[in-house]
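Let me begin by presenting the structure, written as C-alpha cells, before commenting on it.
The values are calculated or read from the model by the stated rules, or taken from the named source; none is laboratory data. Predicted model only: the values in this text are computed from it and were never measured. Cβ placement follows ideal geometry from the backbone for every residue including glycine, while neighbour counts extend to all protein chains displayed. SASA here: full protein model, heavy atoms, side chains in, ligands and nucleic acids out. Shrake-Rupley method; radii C 1.70, N 1.55, O 1.52, S 1.80 Å.
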Amino acid sequence: MDTSGLRERKKRRTREMLIDAAQELFCANGFEATTVDQIAAAADVSTRTFFRYFASKEHVALALADDQITAMLESFAAQPTDVPVLTGMRQAVVELVRAYEEQATGSEPARHQRMQQLISTSPALAAARIERGLARLDEVARLVGARLGADPATDPRPYLVASIVFSAVQTTITAWRAAGWDAPDSQLIGQAFDLLPSDLDYHGAPPV
C-alpha cells in the first residue's frame, strides 16, 4: 500500500476543505469579520491544524492566487526560449485565467470566482495579492533572465518585466474594475498587456 500517496491525498483534501470553508465564510460575513477559529471549525479541524497549512487567513484567502502564479510561471518556463518575454507572459497568464473562466462546473472555477469576488470587495486583499506577487519578483526575474540570456544582477530588463507583470498589470485590472469595467479577467489582462509598449517585449535568446 502506498502510504505516502495516501498521506498526500489527505493533505490535499484538508487544504481544499480549509480553502472552501474560508471562502464561504468570507463571502457570507466579510473577510475582516471572519476569524481563523471560525474557518477551522467550519472545516472540522483544529486551529493548530489550520496553521499547519496556512500562516494566516490572508494566506488561505489568496491560496488559489498563489497556485495560479506558480502555474503561470511553469507555463512560461515551458515555452520556446525565442518567444518574446511579454508575449510569453501574456500567453501564460491569459490562457490560465481563461481556462478557469471556461470551465462551467467543478470546484476550481467556483473557487476562482469566489476569490475574484473577495478581492474585488476587499481593498486589503487586493493590496495583499499584489504584495504576494511582488514577493516572487526574484523568481520571475530569474525566469525572464533565462529567457533573455541575461543576468538579473547586472541587466535591468528581467526585473523591469517582472515588475510590470506583477505590479502594473494587476494594479491596472484592479483600477478598471473599480471604475466599473465589466469584462472577463482574461480579456482585461490581455488588454493591459496589449497597451504596453512593444519595445518592452524583449526577444528571447535564439535556441541553441
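Report Rg (one decimal) and Dmax (nearest whole number) for region 79-182, counting Cα atoms only, units Å.
Every Cα atom of region 79-182 included, Rg and Dmax give 15.4, 47 Å.
Which value, in Å², gives the accessible area per residue of the chain when a 1.4 Å probe is used on the protein heavy atoms?
Per-residue value: 53 Å².
Please compute the length gained on full extension between residue 113 and residue 44, using 0.36 nm multiplied by the number of residues separating them and subtracting their Cα-Cα distance.
Difference between extended and current length: 22.5 nm.
Could you tell me the relative contact order of the chain? Use alpha-carbon pairs under 8 Å, at least six residues apart, and round to a whole percent.
That works out to 24 percent.
In degrees between 0 and 90, to the nearest 10, how far off the longest principal axis of the chain does helix 137-148 point, with axes built from Cα atoms?
30 degrees
Could you calculate the FRET efficiency of residue 124 with residue 11 from 1/(1 + (r/R0)^6), where r is the beta carbon distance between them and R0 is 25 Å, rounded to 0.05?
The calculated FRET efficiency here is 0.35.
So how compact is the chain: Cα radius of gyration and Dmax in angstrom?
Rg, Dmax (Cα atoms, Å): 18.6, 56.
Can you tell me the orientation of helix 185-194 relative to the chain, as the angle in degrees between its alpha-carbon axis and the longest Cα principal axis, to the nearest 10?
So the helix axis and the longest Cα principal axis differ by about 20 degrees.
With a 1.4 Å probe and all protein chains left in place, how much of the accessible area of region 150-208 comes from carbon and sulfur atoms, in whole percent?
Carbon and sulfur: 60 percent of the exposed surface of region 150-208.
How many nm is it between the label spots at residue 71 and residue 29, if each spot is 7 Å from the Cα in line with the beta carbon?
2.9 nm
Quick one, can you get me the convex hull of the C-alpha atoms of region 1-76 expressed as volume per residue in Å³?
102 Å³
Name the residue, out of 156, 84, 197, whose mean-square fluctuation peaks in a Gaussian network model built on the chain with Cα pairs under 10 Å.
The residue that fluctuates most here is 197.
How many percent of the accessible area of region 1-54 is carbon or sulfur, using a 1.4 Å probe?
Result for region 1-54: 49 percent of the exposed heavy-atom area is carbon or sulfur.
Contour minus end-to-end for residue 56 and residue 135, with contour as 0.36 nm per residue of separation and end-to-end as the Cα-Cα distance?
26.8 nm
What angle do you read, to the nearest 10 degrees and between 0 and 90, between the alpha-carbon axis of helix 3-29 and the longest principal axis of the chain?
Roughly 80 degrees between the two axes.
State the extension gain, in nm to one decimal, for the chain segment bounded by residue 157 and residue 182, taking 0.36 nm per residue of separation less the distance between their alpha-carbons.
Additional length available on full extension: 5.7 nm.
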